[in-house]
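Structure first, then comments.
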Amino acid sequence: MSKDGKPVTDLQPYLGAYGHLVALRHGDLAYLHVHPDGTPGDGRTAAGPGIIFHADVPSAGAYRLYLDFQHAGRCAPKSSPQSRAPPLRLATTARV
């Protein structure tokens, strides 16, 4: 993650994790809610700039990804790809 072109290394726990990823499958809106690897404050998990999520999706297909995280005391929801872009194609096991 970056802000103003600089890496963000001070993410704050939001509902017990450095992020919450929701993947919505194109067509039927089946969804996954995934937490990143590690736990805030465990001495091993960095507070950014990268957050690693592992997910087993129920079936291959096109998914839209939405990420919630907290920085500087504010929850900052992000979506990827942008709403006009086509959904991401994910296989049945994905590292996002």
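The values are calculated or read from the model by the stated rules, or taken from the named source; none is laboratory data. Note that the structure is a prediction, hence the values are computed from the model and not measured. Ideal geometry is used to build each Cβ from the backbone, glycine not excepted, and the neighbour counts take in all protein chains shown. To get the accessible areas, we keep the full protein, side chains included, count just its heavy atoms, and leave off ligands, DNA and RNA. Shrake-Rupley method; radii C 1.70, N 1.55, O 1.52, S 1.80 Å.
Overview of values
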{"quantity": "Residue match in the range 46-68 (condition: free of Cβ contacts under 8 Å to residues at least 12 places away in the same chain, assigned to a strand (DSSP E or B) and either surrounded by 15 or more Cβ atoms within 10 Å (Cβ to Cβ) or within 10 Å of the chain's Cα centre (by Cα) (or both))", "calculated": "no"}
{"quantity": "Pairs, first farther than 10 Å from ILE51 by Cα in the range 1-19, second part of a strand (DSSP E or B) and open to solvent by 60 Å² or more (accessible area, probe 1.4 Å), C-beta under 8 Å, six or more apart", "calculated": "VAL8/SER2"}
{"quantity": "Of all residues in the range 1-43 being charged (D, E, K, R) and outside any strand (DSSP E or B), the one that is surrounded by the most Cβ atoms within 10 Å (Cβ to Cβ)", "calculated": "ASP37"}
